[in-house]
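Shown next, in structure tokens, is the structure this report addresses.
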């Protein structure tokens, strides 16, 4: 088998890594005004994977993604795979009771969520004992109102992913 062909046993996240090496400057993702190259997407996914691992996510854990169709949602999916976790997408219009059920049924270890969804999902977060960390897109500080009183570790997305992209 030629060395440049794709193995039939390649993991999904290896496709992104291989594409980043072969086409680093090629556009991989367009979401609204955000455009990311394969290299940038791979770097951001790596940073999110490291943040997940540092927060206690382990191989085989579940990472829930509760976001609109955004670049951060895509980075969250790739990052979860790179951390050895499984991701699940929760429709951003899902009601609180259903979000609580989903998070508990799959025993999610982490949640990536937009700040605008915190009010709806706040109760679900509080009622999910398996959650180790909540990564919040658009979150300015860990002490925002929606996080108050929660025992979960809230991480602003910029600290986990975006900030380091801008300095890279």
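The values are calculated or read from the model by the stated rules, or taken from the named source; none is laboratory data. Note that the structure is a prediction, hence the values are computed from the model and not measured. Ideal geometry is used to build each Cβ from the backbone, glycine not excepted, and the neighbour counts take in all protein chains shown.
Listed values, structure above:
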{"read-out": "Per-region count, segment 62-91, residues touching a residue at least 60 places away in the same chain (Cβ under 8 Å) and out of contact with any helix residue (DSSP H, G or I) (no Cβ under 7 Å at 6 or more places or on another chain)", "value": "1"}
{"read-out": "When residues of segment 69-89 are limited to those that are part of a loop (DSSP other than H, G, I, E, B) and under 12 Å from the mean Cα position of the chain (by Cα), the one surrounded by the most Cβ atoms within 10 Å (Cβ to Cβ)", "value": "83"}
{"read-out": "Evaluation of residue 30 against (1) in contact (Cβ under 8 Å) with a residue 12 or more places away in the chain; (2) outside any helix (DSSP H, G or I); (3) surrounded by fewer than 19 Cβ atoms within 10 Å (Cβ to Cβ) (one fails), failing number", "value": "(1)"}
{"read-out": "Test: residue in segment 106-114 that is at pLDDT 90 or above, in contact with a helix residue (DSSP H, G or I) (Cβ under 6 Å, 6 or more places away or on another chain) and farther than 26 Å from residue 28 by Cβ", "value": "no"}
